[in-house]
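Shown next, in structure tokens, is the structure this report addresses.
The values are calculated or read from the model by the stated rules, or taken from the named source; none is laboratory data. Computed from a predicted structure; not experimentally measured. Cβ: placed from backbone, ideal geometry, glycine included. Neighbour counts: every protein chain shown. Remember, those area values only see protein heavy atoms, side chains included, never the ligands or the DNA or RNA. Shrake-Rupley method; radii C 1.70, N 1.55, O 1.52, S 1.80 Å.
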Amino acid sequence: MRMNQNRLKDLREDHDYTQQQVAARIGITQRKYSYIETGIQQLTVDVLVPLARLYQVSVDYLLGETDEPRRYPESTR
């Protein structure tokens, strides 16, 4: 999945997180996170969903499909 790398970096900086802090919170290495943020490595769903939860934004927002960051309501299933 392709995403907007600038958006991911901007979110991280807006939250005053380092790459290491984000990586630790979503359960990956800093190197892997760096590769994702810079577009060297493709984003997978196992990283996309935790990032959306961390930043409280929608997956569509992270992927650059919308400029509306608001998440969809949680499923009650």
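For every residue, the table says whether it meets (1) surrounded by fewer than 16 Cβ atoms within 10 Å (Cβ to Cβ); (2) of a type in the set (S, T, N, Q).
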residue	(1), (2)
Lys9	yes, no
Gln19	no, yes
Tyr35	yes, no
Tyr61	no, no
Asp67	yes, no
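One line per residue, one yes/no per condition, for (1) aromatic (Phe, Trp, Tyr); (2) within 18 Å of Glu65 (Cα to Cα); (3) modelled with pLDDT under 95; (4) part of a helix (DSSP H, G or I):
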residue	(1), (2), (3), (4)
Arg12	no, no, no, yes
Val22	no, no, no, yes
Lys32	no, no, no, yes
Gln42	no, yes, yes, no
Leu51	no, yes, no, yes
Could you give every pair whose Cβ atoms fall below 7 Å, whose first residue belongs to segment 44-55 and is open to solvent by 10 Å² or more (accessible area, probe 1.4 Å), and whose second residue is of a type in the set (Lys, Arg), counting only separations of at least 6 or pairs across chains? Leu54/Arg25
Hey, can you tell me all the residues within segment 1-10 that are of a type in the set (D, E, K, R) and assigned to a loop (DSSP other than H, G, I, E, B)? Arg2
